[in-house]
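Inspection log for the structure reproduced underneath, given as structure tokens.
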Amino acid sequence: KSKENFLLPAHYESCIKSILISHGQILDRIQKLAYDIRRHYKGTTIHLLCVLKGGSAFFQDLQVCLRNFHNFTNQDYVPFTFDFIRAKSYDGTSSTGKVVVSGCDMEKLRGKDVLLVEDIVDTGTTMSMLVPLLVEHGPASVKVASLLEKRTPRSCGFKADFVGFSVPDEFVIGYCLDYNDAFRDMNHICVINDEGIEKFKDGVKQRIDE
Ligand code: 5GP
Ligand code: MG
Ligand code: MG
């Protein structure tokens, strides 16, 4: 998509190679994902488990859609509860190969239909480690909803149950996906360029005029 046709935050504009998925497209896709998820879980309560921090925008918009279904009809009403979990595997633009999990009381998952809400499945390392870890704590089921799935030869073969978009093998940012915590505050999902890699290699500065 042409950068000229979309608003980008001024502090990121020169750091973007291309806009991959516009914010409007993301919201439209999430609406259909919510519909599919509701159909799948009909008759049960979903326990959404948001994978921080990257999955948080997707989680927020997904739960808005699920909540709005309650307005239309009581017949297909799908109640949900939620919690957060922290998983960290990336350093800059590359995977470290190990996953550090924190911030979740796993004992509370017992008997629940857990739906992990994740930003992107790249190599699949994070999810193929996290899912079995959760299963050990006796949930009724564990499934994964990932907004993005990367087409990469480095995939370990893990497949999410609900996928928003398939993206090319590039480092993507925006809509809470970060590069050293930068770009989370951008609506569209974009591909970073060399200038962006350089500018935010040490993270986000406190003062933007520096
Ligand atoms: P995986 O373990 O599947 O290789 O990667 C999982 C995690 O790495 C994702 O949840 C995400 O946080 C991070 N990640 C992977 N690819 C990208 C990317 O292209 N952009 C960003 N910002 N994060 C990524
Ligand atoms: Mg993630
Ligand atoms: Mg990250």
Is one or more of the residues making up the range 28-35 touching a Phe, Trp or Tyr at 6+ places or on another chain (Cβ under 6 Å) and more than 22 Å from Phe183 (Cβ to Cβ)? yes
Would you say Gly54 is open to solvent by less than 50 Å² (accessible area, probe 1.4 Å), within 16 Å of ligand 3 (Cβ to nearest atom) and not hydrophobic (A, V, I, L, M, F, W, C)? yes
Pick from the range 183-201 the residues that are within 16 Å of ligand 2 (Cβ to nearest atom) and more than 18 Å from Ser95 (Cβ to Cβ): which of them is least open to solvent (accessible area, probe 1.4 Å)? Ile189
Filtered residues of the range 52-67 (kept if within 16 Å of ligand 2 (Cβ to nearest atom) and either among the small types (Gly, Ala, Ser) or touching a residue at least 12 places away in the same chain (Cβ under 8 Å) (or both)): Leu52, Lys53, Gly54, Gly55, Ser56, Ala57, Phe58, Phe59, Asp61, Leu62
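The values are calculated or read from the model by the stated rules, or taken from the named source; none is laboratory data. Worth saying up front: this structure is predicted, and the values here are computed from it rather than measured. Note: ideal-geometry Cβ built from the backbone for every residue, glycine included; neighbour counts use all protein chains shown. The accessibility values were calculated without ligands, DNA or RNA, using every heavy atom of the protein model including side chains. Shrake-Rupley method; radii C 1.70, N 1.55, O 1.52, S 1.80 Å.
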